[in-house]
Structures are given as structure tokens and as C-alpha cells.
Amino acid sequence: MNNNNDQYYKIFTIFISLLCMRFTQILIAEASVVSTGDFNKDFFVTWSPNHVNTSADGHQRSLKLDQESGAGFASNQMFLFGQVDMQIKLVPGHSAGTVVAYYLTSDQPNRDEIDYEFLGNVDGKPYILQTNIFADGYDNREERINLWFDPTKDFHTYSILWNLHQIVFMVDWVPIRVYRNHAEKGVGFPRWQPMGIKVSLWNGDSWATRGGKEKIDWSKGPFLASFRNHKIDACVWNGNARFCRAESSTNWWHKGKFSSLTSTQRKLFKWVRKYHMIYDYCQDNQRFQNDLPKECSLPKY
């Protein structure tokens with residue numbers, strides 16, 4: 001891409017991101033946000049509490065990774081469909097081998113899961129953002145992109161929209177991945193199991209950076225990742241799947257306008273895939289021995 005095109009797409013992305021952000025803020029103000037914005041009230045620490053630091057007002061939290069331990073936290077409630085937003089600032093500098101995970105999971109043997117995994121890198125090399133989806137216990141649906149900004153310099157919003165029609169991963173409201181519900185064609189799709197939100201920072205140097213060739217340099221630690229401004233606008237699980245699957249003013253995410261990407265979102269989605277994607281399981285014929293998963297031949301929107 002030449003410099004003019006690169007600049008055009010950056011400006012275009014920022015402009016559309018701001019418009020989408022404003023639209024989403026207006027929409028969510030009319031919906032039922034179930035989170036309080038306080039990490040102490042919406043989440044519990046799952047491991048290594050001495051590696052978790054939360055601001056006095058509860059609105060910001062950081063996780064620490066050192067040779068002793070990583071750390072993590074999880075939502076107090078489970079959800080079936082909705083949208084989750086989290087602002088994250090990733091580990092700066094030499095972060096090779098570290099993994100920041102932010103995901104929804106049902107924690108069942110045949111689990112459903114919707115994953116963001118941020119894979120650290122050596123100093124000067126870009127972070128890799130890997131996404132994955134488990135449906136009925138099966139995954140192998142990894143995609144990887146390089147972001148169009150430095151995610152260690154400031155907070156950016158990472159969102160998951162999950163409804164009966166599709167799962168959309170968004171970065172600053174730009175859709176980076178779409179996984180469509182093709183269950184009627186025999187493709188697994190998370191639609192029955194409630195999921196909780198989990199966040200963690202941990203040692204993944206056996207695989208995370210260059211396939212495990214780059215190990216964590218502990219002399220560069222401790223490693224810190226920060227989180228703030230979480231928003232959970234979702235159907236709280238109370239044992240009634242029918243309630244969460246119904247279209248209503250509260251369950252806005254099931255409405256027709258969210259059943260597929262808009263024309264503007266499609267342009268941004270294509271831009272991400274053309275200029276920032278570095279791995280797509282649907283293009284990996286060698287891995288699947290020329291028998292790609294069924295969803296790879298089906299439309300994304």
C-alpha cells in the first residue's frame with residue numbers, strides 16, 4: 001500500500017470509528033447495561049490476588065506477570081448473548097512470551113468460547129492479536145492480525161457482539177472478524193451455553209511468540225497489562241434460555257439491524273483482512289489437508 005492510501009485508510013477508520021462509537025453509546029444508553037463499571041463489583045479474582053491491582057474507585061485494574069505468577073479475574077455472572085466492551089492497554093516494550101487473554105467461556109467439557117488473545121513480541125515488533133471460537137468443544141478456528149496502532153501506548157476498546165445471527169469481534173468499533181451462525185448447515189455456533197467473562201495475563205512462551213522460539217526475558221519484567229471502562233450489555237443467565245433468545249427492547253442485539261454487518265462495517269472489515277490479516281485458518285489447506293472446515297465456504301454476512 002502506498003503512503004497516500006495508507007493515510008486515507010487511517011483517516012477513514014478513525015472517522016468511522018468515532019461515528020460508530022457515538023451510535024453505540026446512544027444505543028446502549030437506551031438498553032440494559034448490567035455492569036456497574038466497578039471491577040470489584042462485576043468481577044472476582046480467580047488467581048494470584050497479590051498480582052492484581054485495582055484503583056480506589058474500582059474503575060481500572062492491572063494484572064502483573066513475573067516469575068512467581070500471572071493473574072486473572074472473571075465475571076460474577078454468566079450471560080447468554082449480548083455485547084461486552086473492555087478497554088485494554090497491553091504490556092509495553094519487550095513482551096515476548098506473554099499472553100493477555102480476554103474471552104467468554106462456558107467452562108463445560110464441550111465448552112463454547114469466544115477468545116481474544118494478545119501475543120507479546122520482542123521489542124520493536126508488533127503485537128499479534130489472535131482470535132478463536134470454540135463451539136461444542138471444537139476450536140481450531142484461529143485468525144491473526146497485526147493492529148494498525150501500537151496497543152501498548154494507550155487504551156483501546158475491544159468488543160464482542162454475540163447474538164443469534166453472528167459473532168463480531170471489534171477493535172475501536174472496527175469489525176476485525178465475523179463468525180456467522182450456520183448451525184442449520186451443520187456448523188457449530190455458540191447458542192445454548194451461557195458464558196462468563198475471563199481476563200488473564202500469563203506465561204505462554206511455549207507457543208505465543210514465533211511458535212515458542214522467543215522466551216520471556218524475566219529481566220524485562222514485571223510485565224503489566226491494564227484494563228478499564230468495561231461495559232457488559234448482555235442477558236444475565238437465570239436458567240431460562242428462551243428469555244435470552246427472544247428479541248425484545250432489552251435484548252437489542254437480536255434485532256434485524258444487528259443480524260449482519262452494515263455496508264460501512266463491511267468496507268472496514270475488508271480493509272482489515274486485506275491489509276492487517278496475517279493468518280486465517282480458512283486459508284490453511286496444509287493444516288486441514290485440503291479439507292477446510294465447512295464454514296470456510298459459507299458467507300460471513
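The values are calculated or read from the model by the stated rules, or taken from the named source; none is laboratory data. Please read all numbers here as calculations on a predicted model, not as lab measurements. In this analysis, Cβ positions are derived from the backbone assuming ideal geometry, glycine residues included, and neighbour counts consider all displayed protein chains. Accessible surface is based on the protein model in full, side chains and every heavy atom, while ligands, DNA and RNA are left aside. Shrake-Rupley method; radii C 1.70, N 1.55, O 1.52, S 1.80 Å.
Before moving on, here are some points about what is shown:
- This model, with +1 at the C-beta of Lys and Arg and -1 at the C-beta of Asp and Glu, gives region 40-152 a dipole about its Cα centre of some 260 debye.
- Taking the chain as a Gaussian network of alpha-carbon nodes connected by springs under 10 Å, the highest mean-square fluctuation of the residues 273, 242, 180 belongs to 242.
- Relative frequency of Cα-Cα separations exceeding 18 Å in region 90-157, percent: 42
- For the chain, the relative contact order is 25 percent, taking Cα pairs closer than 8 Å that sit 6 or more residues apart in sequence and dividing their mean separation by the residue count.
- Counting every C-alpha pair in region 25-152, the share spaced more than 27 angstrom apart comes to 27%.
- In region 166-226, the C-alpha radius of gyration followed by the widest Cα-Cα span (Dmax) gives 17.4, 52 angstrom.
- Each principal axis of the Cα cloud of region 106-200 was taken in turn, and the coordinate range along them, longest first, works out to 44, 25, 21 Å.
- Taken about its Cα centre, the chain carries a charge dipole of roughly 780 debye when the Cβ of each Lys and Arg holds +1 and the Cβ of each Asp and Glu holds -1.
- Using a Förster distance of 30 Å, the FRET efficiency for residue 213-residue 32 (Cβ separation, nearest 0.05): 0.05
- Working note: Cα gyration tensor of region 239-301, eigenvalues times five, square-rooted, sorted largest first, giving semi-axes of 31, 19, 9 Å.
- Dimensions in Å of the chain - Rg and Dmax from alpha carbons: 18.8, 54
- Packing around the peptides 223-236, 123-136, taken as the average count of other Cβ atoms within 10 Å per residue, puts them in this order, highest first: 223-236, 123-136.
- Protein accessible area in the chain, 1.4 Å probe - carbon and sulfur %: 48
- Residue of 184, 142, 247 that the Gaussian network model of the chain assigns the largest fluctuation, springs spanning Cα pairs under 10 Å: 184
- Residue 187-residue 257 pseudo-label distance in nm [points 7 Å out on the Cα-to-Cβ vector]: 2.6
- Partners for residue 64 among lysines (Cα-Cα distance below 24 Å; same-chain residues under 8 apart left out): 41, 89, 125, 153, 198, 213, 215, 220, 231
- Here's how it looks for residue 43: its modeled amide H is under 5 Å from those of 76, which are all 5 or more places away or on a different chain.
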